[in-house]
Amino acid sequence: MTTQEPGAPVRTAEPLAVPQRALDVDLGQAFSQLLFRASLLQRLRDDEARAARAAQRDLLGLLVEVDDALAALGLDPELVRLGRSTGIEATRRRLLGKLAKAGVRPMRLEGMAADPVLSEIVGTEARTGLEPETVVQSVVTGFFWNDEVLRRAQVVVATTPAPPSAEHPEPTGGAEAGEPGGPLGIDAGFEDGGATRVDGSVHRTTTEQGPATPADTGTGTGRSGTGSRSRKSGSKAARLKRRKR
């Protein structure tokens, strides 16, 4: 091993020879081709990522439907009678746990205003004390996947109750006398020899004969009016006969 003396010039390696082919390359064109190939590769990677995400989304949506099926099975009376509902509920909890790790979580929309992006209105229910289109029940649970909507919920929303007068109109005054359904169920004006109809039945009543009313004597249409006129005409005929004799 040789040592270099202090102050002596440092010997450098001889430069490598550049091939003539490399000297003939257009660097600008080569750089453009490199950028094009890099963009093409990035586009292919983005397409593969979108396809993989779409497949993952379809799989998660299918698992959500499996959760719906398990929830329905857990309420089946026959399975409940056989004691299978406990195992079904345990399987469902495990499935929901796996979905939560993948970023899937159920929506809690009760008490919130219905949002067409998150939910679909499938029914209404009259409620007091709630703003219209407030979610009162989720028929089908919706799910988020991270910041996206994996499945929209199907909800029932509140509506303003109709006014009571519209549903049960109040009577506009009592029924006229003599009409069916009048006050106390009496068909007033039905008289037949002291009989009065009450609630569809006939009751005989005895009344004392009082002074004739204008209706009895003025019009002559009632029985008392007709009788009084016949008695008066009979008395006049008797007086005429006496005078002739």
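Which condition does residue 158 not pass, out of (1) touching a Lys or Arg at 6+ places or on another chain (Cβ under 8 Å); (2) under 30 Å from residue 53 (Cβ atoms), if it passes all the others?
For residue 158, the exception is condition (2).
Within the range 66-77, identify whether any single residue is assigned to a helix (DSSP H, G or I) and more than 30 Å from residue 146 (Cβ to Cβ), and answer yes or no.
Yes.
I'd like the full set of residues that are surrounded by 13 or more Cβ atoms within 10 Å (Cβ to Cβ), within 17 Å of residue 147 (Cα to Cα), over 28 Å from the mean Cα position of the chain (by Cα) and of a type in the set (A, V, I, L, M, F, W, C), limited to the range 78-109.
Selection gives 99, 102.
Can you go through 86, 124, 91 and tell me which one is in contact (Cβ under 8 Å) with a residue 12 or more places away in the chain, among the polar types (S, T, N, Q) and not assigned by TED's automatic domain parsing to the domain that holds residue 143?
The match here is 91.
The values are calculated or read from the model by the stated rules, or taken from the named source; none is laboratory data. This is a predicted model, so every value here is computed, not measured. Cβ atoms come from the backbone with ideal geometry, glycine included; neighbour counts cover every protein chain shown.
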